[in-house]
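Beneath this line is the structure, given in C-alpha cells, with notes to follow.
Quick note: the coordinates plus some simple rules give every number you see, no bench work behind them. Nothing here was measured: the structure is a model prediction, and the numbers come from that model. In this analysis, Cβ positions are derived from the backbone assuming ideal geometry, glycine residues included, and neighbour counts consider all displayed protein chains.
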Ligand code: NAD
C-alpha cells in the first residue's frame, strides 16, 4: 500500500464514476484521503463505487449526485461534502463538429461542464481551504488546453479557459497554503475517447486499430495511451508537500504531444 501522505484530507472529485476521475479518486484514496465521488446519474452502482473504494483503501468515501452543467449543483456538491481540502475539477464531455455546424446547445453544455463547473466548484471550496490554511485545486485540462484540433471548438475553448482559470486561482491564493494547477492529459483510453472511435472510423474509412494508431496516437509521439493511474499519481504528487510551491502551471501527461 502507498504511503498515506493525504491521511486526514477530504477530496471532492467531479465526474468520478468512470475514467480519469475515478482513477484519480482511487489514487487519492490509496494515499489516505477521504473521497467524494460525483456524477449526475445517481445509480446504485455509483453508490457502490464509493462503498468499494472505502473498503479497499480504508478511507471514508461517499457518492454525491450533482449535475456539473448547473451552477447551483456545482456549489451544492462542495457544501454537501462539508467542504474539501482537495478539489479535482474533472467532469467533462466532448462533441466534434465544424464550427458552422456545431449545435449551440452542445457548445453551451461543454462550456458549462468543462469550464464553468470548475469556476463554481473552486468558488465554493476556497473559503474553507483559506480557513484551514491548506488546499489543492487540481483542474483536469487537456493537451487541448495548450494546442488545438479542428472540429473541437467548444472543447478546445473550454480547456484553454481552464488553463487561464488555473492561473488566476493560483494568483488569488498565493501565499495562503493553497495551490492550483492543471493536469493536461494526452489521449487516455476512457469512455470519452471510446465514443469517438466509431465516428473517426466512419470519417476516415479506417479500422479501429488504424484510427487508434494513425489518427489518435499520431499526435502522441510515445505511440501509447496515457493511463488513469498516471493521472492519479500526478494528482497525488500535486497534493503532496513536494508540490507546495508548484502553482498556476500545467503538467502535461501526454507522451510528448505538446513537445511537437
Ligand atoms: P469519461 O467520459 O470517462 O468521464 C467523464 C466524467 O464526467 C464521467 O464520470 C461522467 O459521469 C462525468 N460527467 C459528464 N457530464 C457530467 C455532468 N453534467 N455532471 C457531473 N458529471 C458529469 O471521460 P474521461 O476521459 O475520464 O474524462 C475526464 C476528464 O479528462 C474530462 O474533463 C476530459 O476532458 C479530460 N481529458 C480526457 C482525455 C482522454 O483522452 N480521455 C484527455 C484529456 C483530457
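Computed from Cα positions, the angle between helix 44-57 and the longest principal axis of the chain comes to roughly 60 degrees.
Taking the fewest neighbouring Cβ atoms within 10 Å as the starting point, the ordered list for 187, 151 is 151, 187.
With contacts taken as Cα pairs under 8 Å and at least 6 residues apart, the chain reaches a relative contact order of 19 percent. Extension gain, residue 148-residue 132: 0.36 nm per intervening residue step, less the Cα-Cα distance, totals 1.9 nm. Roughly how tilted is helix 117-132, in degrees to the nearest 10 and between 0 and 90, from the longest Cα axis of the chain? With rounding to tens, the tilt is 20 degrees.
Here the Gaussian network model covers the chain, with springs between Cα atoms less than 10 Å apart; of 19, 248, 82, 82 fluctuates the most. Per-residue extension of 0.36 nm, minus the Cα-Cα distance of residue 104 and residue 218, leaves a gain of 38.1 nm for this segment.
With the gyration tensor restricted to C-alpha atoms of the chain, the semi-axes of the equivalent ellipsoid amount to 29, 19, 19 Å, longest first. With the simple model of a label 7 Å out from the Cα in the direction of the Cβ, residue 172 to residue 246 spans 2.3 nm. In the chain, the longest principal axis of the Cα atoms and the axis of helix 153-173 are about 30 degrees apart.
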